Amino acid sequence: MDNSIEQRHVVVGTGSGKLRGVATGSVAFRGVPYARSPIGELRFAAPQPHPGWTRIRDAIDAGPAAPQWPSRLEAVMGTRLPDWSEHGCLNLNIWTPDDDFGAARPVLLWFHGGGFTSGSGGWNWYDGGRLAALGGIVVVTANYRLGPLGYLYLPEFGADNLGTQDQAAALRWVVDNIAAFGGDPGSITVGGQSAGAFSALALAADPGTGGMVRRVIGQSGPWGMPPQDPGEAAGVAAKYLEILGISSDRQRLRELPVARLLAAYARILADSARPGGIAPPMYPVRGGAGQAVGWPEALASGVLADKDVLIGSTANEASSFLALNPIIQTADRDTAVRLLAEQGGAARYDEYVDRYPAAGPAELLTAIVGDLLCGTTDLANGLVAQGNQTYVYRFMRGPAVDPYGFGAAHCAELPFLFGTFESYPNAPMLGTFSPADRILAAEFGGALAAFVATGTPNGPALAPWRPYATDEAIRYFRSAGDPDAG
């Protein structure tokens, strides 16, 4: 928060009690609980409504993140100081353009990425004040349980896509309470990046929540990664219990220190790591709560037919995961093909050789893994085929000085959406920012905010963006002055 700007407190009443936020141009309410703390008997249980409070509750500072192991992308995005706690982690943050709470503004409920393993909607990376002011919308970010606390699959014990259930609970809280903040509960866009994009589409497709969602924004969603197979998820859960030494006493999952649960998950992460592999060991399970099907089945059933959709990716999605991996960077052709075969992508190698004749095996492998993971074109084609108005972007801006060859890496567009450049002081994949980047942020954030407001990313001072029909309708976002800008 910029303390040089005059601040004043603002009080709003909700169904849970009154909240005291802070106005510094835009108005922010941070760390608002939307469910009970998932502790004690509520650890590995579905989210429960918060009992509320009687006195005015301060909503000045962000609440704690959900318990998590450090992100595998810290080396490229920049490090974060641990700020997690089980107590109070199911919280959300709200930003409005001003204190006209009698308005009925469109709402964006946005979920962070992090491979279902790390992240927090309360981090300053995702401060929604600028985006709210840019589009005249209400912006909400929300936390959800991560790693084993959110995605351990033991449905008979109550552990059934708990992070997904948390997201649904956050959506229901927004529907019930956002009018008090000047938001329109009938005009909600659910969005997110990476794991958050995967989650946003699941909320739009699930019968229990889809009726509350008008529009969807999916940034760098892993559309090529189907929901986890229940048998595979059960196998991971069995191994996890074995590492903890409690295979015959699952109740101890609610008693062990949370740090021990995270350490056991870190071992699962290490044991399951494969060069070129990106999927985490625990993530939403097909047929589990809130994740009945993947997107192809959702399209086939028509449950997304009434939604406006905006999706996109960066130009070099997989570089965040592979650019610093020495096995990948020293791979020859045979190694690249072998690693791709493990992901069902070996047949693409020669196709990409023809497409990128100057690229070496590491570059080709990285490009193929990124395209296999995202599957943006396949999803866009499926949406258009069933009649959805769909917009597609490709984010091209990479660091000016790029010794590791990140290019426009996974997560590179986040500071451009939220305008939070100062929150990334040590992010190698981003480098330094220029005045041209500020212009790009206004274009990118403005377009997505316009989509939240109207269903189209077009508006005053924004470049025209046609609905997707072919590759020619993809909107490319570049900084002015980029060598290939056009």
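Taking the solvent-accessible surface of protein heavy atoms with a 1.4 Å probe, what is the per residue accessible area of segment 289-443 in Å²? Before the final figure, lay out each step's value.
On the way: 6330 Å² over 155 residues.
About 41 Å² of surface per residue is accessible.
Compare Ser220, Ser301, Ser37 by solvent-accessible area with a 1.4 Å probe and give them largest first, with all protein chains kept in place. Please report the intermediate quantities before stating the final value.
Numbers: Ser220 5, Ser301 75, Ser37 25 Å².
Ranking Ser220, Ser301, Ser37 by accessible area, largest first, yields Ser301, Ser37, Ser220.
What net charge is computed for the residues neighbouring Leu269, neighbours being all others with C-beta under 14 Å from the C-beta of Leu269, Lys and Arg scored +1, Asp and Glu -1?
Net charge around Leu269: +2.
Within the set of other residues whose C-beta is less than 10 Å from the C-beta of Pro47, count the net charge using Lys and Arg as +1 and Asp and Glu as -1.
For residues surrounding Pro47, the net value is +2.
Work through the residues other than Gln193 whose Cβ is under 12 Å from its Cβ and net out their charges, Lys, Arg +1 and Asp, Glu -1.
Charge balance near Gln193 sits at -2.
Let me know the shape class of segment 352-486, please: from the alpha-carbon gyration tensor, a ≥ b ≥ c as square roots of the eigenvalues, rounded when a/c is under 1.5, otherwise prolate if a/b is greater than b/c, or oblate.
Details: a/c = 1.94, a/b = 1.08, b/c = 1.80.
Oblate is the answer for segment 352-486, as a/c is 1.5 or above yet b/c matches or exceeds a/b.
Dipole magnitude of segment 326-368 about its Cα centre, charges +1 at Lys/Arg Cβ and -1 at Asp/Glu Cβ only, in debye to the nearest 20?
The dipole of segment 326-368 has a size of about 60 debye.
From the residues Val175, Pro464, Pro280, which one has its Cα farthest along the dipole of the chain in the positive direction, the dipole being from +1 and -1 charges on Cβ of Lys/Arg and Asp/Glu about the Cα centre?
Sorting the options by dipole projection puts first Val175.
With θ set to phi - 60°, apply the Karplus curve 6.51 cos²θ - 1.76 cosθ + 1.60 along segment 454-465 and write out the HN-Hα couplings as whole Hz, x wherever there is a Gly or Pro.
Going residue by residue, I get 10, x, 9, x, 10, x, x, 6, 10, 5, x, 9 Hz, with x marking Gly and Pro.
Put +1 on the Cβ of every Lys and Arg and -1 on every Asp and Glu Cβ in the chain; which of Gly63, Ala300, Phe418 then has its Cα farthest towards the positive end of the dipole?
Final value for the positive-end residue is Gly63.
Can you give the longest run of the chain that contains no GluC sites (Glu not before Pro) sitting in a DSSP loop with at most 11 other Cβ atoms inside 10 Å?
The segment 7-254 is the longest one with no such site.
Hey, how many Å between the Cα centroid of segment 334-393 and the Cα centroid of segment 283-301?
Answer, in whole Å: 22.
Kindly identify segment 327-373 as rounded, prolate or oblate by the Cα gyration tensor criterion: order the square roots of the eigenvalues as a ≥ b ≥ c, call it rounded if a/c is under 1.5, otherwise compare a/b with b/c, prolate if a/b is larger, else oblate.
Since a/c stays below 1.5, the shape of segment 327-373 is classed as rounded.
Using alpha carbon centroids, what distance separates segment 410-486 and segment 18-80, in Å?
Going from one Cα centre to the other spans 28 Å.
Charges only on Cβ, +1 for Lys and Arg, -1 for Asp and Glu: so what's the dipole of segment 351-397 about the Cα centre, in debye to the nearest 20?
My answer is approximately 220 debye.
Which value, in debye to the nearest 20, describes the size of the charge dipole of the chain about its Cα centre when Lys and Arg Cβ atoms bear +1, Asp and Glu Cβ atoms bear -1, and nothing else is charged?
That gives a dipole near 960 debye.
Normalising by the residue count of segment 326-368, find the relative contact order in percent from Cα pairs under 8 Å and 6+ residues apart.
46
Express in Å², to the nearest 10, the accessible area of Asp371 obtained by rolling a 1.4 Å probe over the protein heavy atoms while all chains stay in place.
Number for this one is 50 Å².
In percent, what relative contact order does the chain have, based on Cα pairs under 8 Å that are 6 or more apart in sequence?
Relative contact order, the chain: 15 percent.
For segment 293-353, what does the alpha-carbon gyration tensor say about shape, rounded, prolate or oblate, given a ≥ b ≥ c as the root eigenvalues, a/c under 1.5 as rounded, and a/b over b/c as prolate? Display every interim value, and only then the final one.
Numbers: a/c = 3.19, a/b = 2.10, b/c = 1.52.
Prolate is the answer for segment 293-353, as a/c is 1.5 or above and a/b outweighs b/c.
At 1.4 Å probe size, with no ligands or nucleic acids counted, give the accessible surface of Asp249 in Å², nearest ten.
About 70 Å², rounded to the nearest 10.
Relative contact order for segment 272-375: what is it in percent, counting Cα pairs under 8 Å that are at least 6 residues apart?
Details: 74 pairs, mean separation 31.5, N = 104.
After rounding, I find 30 percent.
Could you order Ile137, Ile439, Ile56 by accessible surface area, starting with the largest, using a probe radius of 1.4 Å?
Heavy-atom accessible area, descending, gives Ile439, Ile56, Ile137.
With all protein chains present, how much of the accessible area of segment 1-123 (probe radius 1.4 Å) comes from carbon and sulfur, to the nearest whole percent?
Carbon and sulfur together cover 50 percent of it.
Have a look at Ala449, Val107, Val309 and report the one farthest towards the positive end of the charge dipole of the chain, computed about the Cα centre with Cβ charges (Lys/Arg +1, Asp/Glu -1).
Looking along the dipole axis, the top candidate is Val107.
Would you mind telling me the share, in percent, of accessible area of segment 326-368 contributed by carbon and sulfur at probe 1.4 angstrom?
Values: 1310 of 2480 Å².
Ligands and nucleic acids excluded, carbon and sulfur give 53 percent.
What fraction of the DSSP beta bridges in the chain is antiparallel, stated in percent and rounded to the nearest 5?
35
For the chain, what does the helix formula give at 222 nm: sum of -39500 (n - 2.57) over DSSP H segments with n ≥ 4, over the residue count, nearest 500 deg cm²/dmol?
Taking each H run of at least 4 residues, the total per residue is -9000 deg cm²/dmol.
The values are calculated or read from the model by the stated rules, or taken from the named source; none is laboratory data. What you see is a predicted model; the values in this text were computed from it and never measured. All Cβ positions, even for glycine, are placed from backbone atoms using ideal geometry, and neighbour counts span all protein chains on display. Each accessible area value is taken on the protein alone, full model and side chains, heavy atoms only, with ligands, DNA and RNA left out. Shrake-Rupley method; radii C 1.70, N 1.55, O 1.52, S 1.80 Å.
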